[in-house]
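Structure record follows, encoded as structure tokens.
The values are calculated or read from the model by the stated rules, or taken from the named source; none is laboratory data. This one's a predicted model, so the numbers in the text were calculated from it and none came from an experiment. Positions of Cβ are generated from backbone atoms using ideal geometry, with glycine treated the same way; all protein chains shown enter the neighbour counts. Calculation scope for accessible area: heavy atoms of the full protein, side chains included, ligands and nucleic acids excluded. Shrake-Rupley method; radii C 1.70, N 1.55, O 1.52, S 1.80 Å.
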Amino acid sequence: MRYRTLGGLRVSAVGLGAMPLSIEGRPDGERAVATVHAALDAGVTLLDTADSYHLPGAEPGHNERLVARALAAYGGDTSSVLVATKGGRGRPAGGDWTVNGHPRHLTSAAEASRKRLGVEAIGLYQLHKPDPAVPFEESVGALRELLDAGTIRLAGVSNADADQIRRAHEILGDRLVSVQNRYSPAVRVSEPELRLCEELGLAFLPWSPLGGLARSSLDGPSRTEGEQRFAAFHAVAAERGASPQQVGLAWLLARSPAVIPIPGASRPRTILDSAAAADLLLTEEERVRLDESAEPARA
């Protein structure tokens, strides 16, 4: 496992997105815990969760409790593991994702997350999504108050544009450490935000980082449109004896030293496959081929 820097902390170059362990199609509890343990065994030290990762209308905080239970049951040292959670979204009955960036809600949500995770202070707390009904500065101001109160140690924003990132940085200074936006071979609309993170010294955590590639090559060959569109990823994978997912994550890591992808997983073998991408170093020729295959950035 190679490592990168997030808020002055040394974390694994590939994290684990824990959402699939708690939403629709989730595995049973035993396999879910085994998946987290497999990630830890592979050297993963960044676990991404959120209070809204649960079934619609039921069990708020399910994923946070699951992560806490898995860490408590792990037989090895977890002192270097950074758990990143998020607040500001909900999943009521019906399945829609709601947004609530009101400071009072974020304050109570962070305290509830802290208790579910069983920690004195949340390692990294991120505003899940800007709320169009609440001034952005007020939502970020709530993060500042949580930092001052010691409820959280580090802060981040998710699904934010470049202007919002700059405004958050003005309010939080060096206590803003991360941006979590969608970014993958298929979706590169956050290219400006990635470059801004480089400028400001922030970690960039791509969610849904394998967009455009088969969900899991371990389940067998794929004949999807995505495989045709991103043929270079599959070709490089075949040449290197790796999975297309490993190549996709290696490509993301090669895009910038700020990038720390957080691929999701719902079974141990999937996160083991993803974690191995940290040690897959692409050649310049391979990077050029993959850049040409990936969707070009859009303004």
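Placing a pseudo-label 7 Å from each Cα along the Cα-to-Cβ vector at ARG104 and ARG2 gives an inter-label distance of 4.8 nm. Approximating the spin labels as points 7 Å out from Cα along Cα→Cβ, the SER79-to-ALA231 distance works out to 5.3 nm. Entry comment: accessible area of the chain is 41 Å² per residue, from protein heavy atoms only and a probe of 1.4 Å. Extending 7 Å from Cα along the Cβ direction at GLU191 and again at LYS115 yields two label points whose distance is 4.6 nm.
Which value, to two decimals, describes the C-alpha radius of gyration of the stretch 1-67 once divided by 2.2 N^0.38 Å? Present the calculation step by step, with values, prior to reporting the outcome.
On the way: Rg = 12.9 Å, N = 67, 2.2 N^0.38 = 10.9 Å.
Expressed relative to 2.2 N^0.38 Å, the Cα Rg reads 1.18.
Remark: the Cα gyration tensor places the stretch 132-220 in the prolate category, a/c being 1.5 or greater and a/b exceeding b/c. Measuring r between the beta carbons of ASP96 and GLU30 and using R0 = 35 Å, the FRET efficiency lands at 0.70.
Ordered by packing density, taken as the mean number of other Cβ atoms within 10 Å over each peptide's residues, highest first, how do 280-286, 180-186, 36-42 rank?
Values: 280-286: 13.9, 180-186: 22.6, 36-42: 21.0.
Top of the packing list down: 180-186, 36-42, 280-286.
Helix content alone sets the calculated 222 nm mean residue ellipticity of the chain: runs of n ≥ 4 DSSP H residues at -39500 (n - 2.57) each, divided across all residues, give -12000 deg cm²/dmol. Here the accessible area of the chain is 49 percent carbon and sulfur, with a 1.4 angstrom probe and all protein chains present. Dipole magnitude for the chain: about 420 debye, using +1 per Lys or Arg Cβ and -1 per Asp or Glu Cβ, origin at the Cα centre.
Starting from the Cα of GLU145, move 7 Å in the Cα-to-Cβ direction to define the label point; list residues of the stretch 27-61 whose amide nitrogen is under 14 Å from there. Once the point is set 7 Å along Cα→Cβ of GLU145, nothing inside the stretch 27-61 turns out to lie under 14 Å by backbone N. On the basis of the beta-carbon distance and an R0 of 45 Å, GLU285 and LEU200 show a calculated FRET efficiency of 0.90. Note on the chain: dipole from Cβ charges, positive end direction compared against LEU82, GLN180, GLN164; the farthest Cα belongs to LEU82.
Among 23-34, 60-71, 3-14, the peptide with the highest mean count of other Cβ atoms within 10 Å heads the list, and the full ranking is 60-71, 3-14, 23-34.
Looking at the square roots a ≥ b ≥ c of the eigenvalues of the Cα gyration tensor of the stretch 66-219, which shape do they give, rounded for a/c under 1.5, prolate if a/b is larger than b/c, or oblate? Write out the running numbers ahead of the final one.
Working: a/c = 1.33, a/b = 1.01, b/c = 1.31.
In terms of gyration-tensor shape, rounded.
Computed from backbone phi with θ = phi - 60° and the Karplus coefficients 6.51, -1.76 and 1.60, the 3J(HN,Hα) list for the stretch 163-179 is 5, 5, 5, 4, 5, 5, 5, 4, 7, 9, x, 6, 7, 7, 10, 8, 10 Hz; x is used for glycine and proline. P(r) for the stretch 235-278, from all Cα pairs and a bin width of 5 Å, is 5, 24, 31, 23, 14, 3 %, short bins first. Between helix 136-149 and the chain there is an angle of about 70 degrees, using the helix long axis and the longest principal axis of the Cα atoms. Residues in the stretch 92-108 near a label at GLU138, defined as backbone nitrogen under 16 Å from the 7 Å Cα→Cβ point? Hits in the stretch 92-108 for GLU138 at 16 Å: 99-108.
Restricting attention to the chain, close to 20% of DSSP beta bridges with both partner residues there are antiparallel.
How much FRET efficiency would the formula 1/(1 + (r/R0)^6) give for ARG269 and ARG69, where r is the Cβ-Cβ distance and R0 is 22 Å, rounded to 0.05? Present the calculation step by step, with values, prior to reporting the outcome.
Working: r = 21 Å, r/R0 = 0.96.
Efficiency for this residue pair is about 0.55.
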